[in-house]
1. Show the residue pairs that are 6+ apart or on different chains and have beta-carbon atoms under 7 Å apart, the first residue being within segment 52-72 and in a helix (DSSP H, G or I), the second being open to solvent by 60 Å² or more (accessible area, probe 1.4 Å).
2. Which of (1) under 25 Å from the mean Cα position of the chain (by Cα); (2) surrounded by fewer than 11 Cβ atoms within 10 Å (Cβ to Cβ) does K90 not meet, given it meets every other one?
Amino acid sequence: RSTRSPSRPRDLIAAHRSNSKMSTLSVTPAKAPLEVSRRIAWIVIAGLTLLVFSPLFHADFTSWDDVSFIVRNPRFMNPSWENAAHYWQKPFMDIYIPVTMTAWMGLATVGHSDQPSATGEVLNPYLFHAANVVLHALTGIAVFELLRRLLGASWPAMAGALLFALHPVQVETR
């Protein structure tokens, strides 16, 4: 029998099996690197996303596709379940996105005004933008959880989620 102290886990197991007098095996685990808690990561990701994109809460609809998909969409002028069901049966402007159109129909129902704005819009763009930013913050949290499981560490996962959530490619400008 060897009298030297085993240093590797395999040596510890072998020493335990070969030494009948050894009744317990005490192994001191290595200290884990400083990890950020999930709750803190969620708050940081959501908070920074809401802060960075907060100017959208006061923005109008964009001139790219908001006008054709939302502002001038005749089915959004009179939101109903029948109009929402239409998007599940046929594409709108050759694009089949029924979940998105149904969600927008719900927002149009809540954000519909009987009095047109100064620009003639009857839908509230702030509600659409706020819903989009909140959904983006939740998606950033989902990216964090996915990366945390893939990488096994919170700091790199939070960095990746923040890169996803805050990268300028996410911004649509006029």
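The values are calculated or read from the model by the stated rules, or taken from the named source; none is laboratory data. Here the structure is a predicted model, which is why all the values come from computation and not from measurement. Here the Cβ is made from the backbone with ideal geometry for all residues, glycine too, and neighbour counts use every protein chain on show. Remember, those area values only see protein heavy atoms, side chains included, never the ligands or the DNA or RNA. Shrake-Rupley method; radii C 1.70, N 1.55, O 1.52, S 1.80 Å.
1. If the second residue must be open to solvent by 60 Å² or more (accessible area, probe 1.4 Å), the pairs left are F57/Y126; H58/Y126; S68/M93; I70/W104.
2. Of (1) under 25 Å from the mean Cα position of the chain (by Cα); (2) surrounded by fewer than 11 Cβ atoms within 10 Å (Cβ to Cβ), only one is false for K90: (1).
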